[in-house]
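The values are calculated or read from the model by the stated rules, or taken from the named source; none is laboratory data. All values reported here derive from a predicted model rather than from experimental measurement. No Cβ is skipped: glycine too gets one built from the backbone with ideal geometry, and neighbour counts run over all protein chains shown. Remember, those area values only see protein heavy atoms, side chains included, never the ligands or the DNA or RNA. Shrake-Rupley method; radii C 1.70, N 1.55, O 1.52, S 1.80 Å.
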Amino acid sequence: MKYLVNLIQLTVVAAIVFPMFYIWDTDKVDNLCKRIEPGMEKVEFLKLADDLGVRLHGPTFEGLEGGKWHAEVVTITPFIDHSCRVKGAGSRVATAKLTGQS
């Protein structure tokens, strides 16, 4: 019986904490995506992502032609499809677009 009570308490705490963590995490991704401008230096974009403490996948080069690359800024919240896709060429950012749920 004690284990059941502990499990219920843990579930209640998780139900309270998760929405706050979700809002905080998605807000960081949204904030970064809004601050990225076309023509921004890739180094500046990487520094901004590091300063805001977001998880970044990439940049990954798409091929040698034109030096095209892409990166994805994702949330650390599990089971959430919310990200910012960033595309660029050479040492410049071309686009930044929010994807997934809002």
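Scanning the range 64-72 turns up at least one residue that is open to solvent by less than 100 Å² (accessible area, probe 1.4 Å), among the charged types (D, E, K, R) and closer than 20 Å to Pro38 by Cβ. If only residues of the range 73-92 that are in contact with a helix residue (DSSP H, G or I) (Cβ under 7 Å, 6 or more places away or on another chain) and either more than 21 Å from Thr26 (Cβ to Cβ) or without any contact (Cβ under 8 Å) to a residue 40 or more places away in the chain (or both) are counted, the one that is most open to solvent (accessible area, probe 1.4 Å) is Arg92. Within the range 52-86, the set of residues being among the charged types (D, E, K, R) and part of a strand (DSSP E or B) comprises Arg55, Lys68, Glu72, Arg85. Taking only the range 19-45 into account, find how many residues are part of a helix (DSSP H, G or I), open to solvent by 50 Å² or more (accessible area, probe 1.4 Å) and either without any contact (Cβ under 8 Å) to a residue 12 or more places away in the chain or of a type in the set (D, E, K, R) (or both). Count: 8.
Each residue in the range 81-102 was checked for being under 16 Å from the mean Cα position of the chain (by Cα) and within 17 Å of Leu56 (Cα to Cα), and 13 of them qualify.
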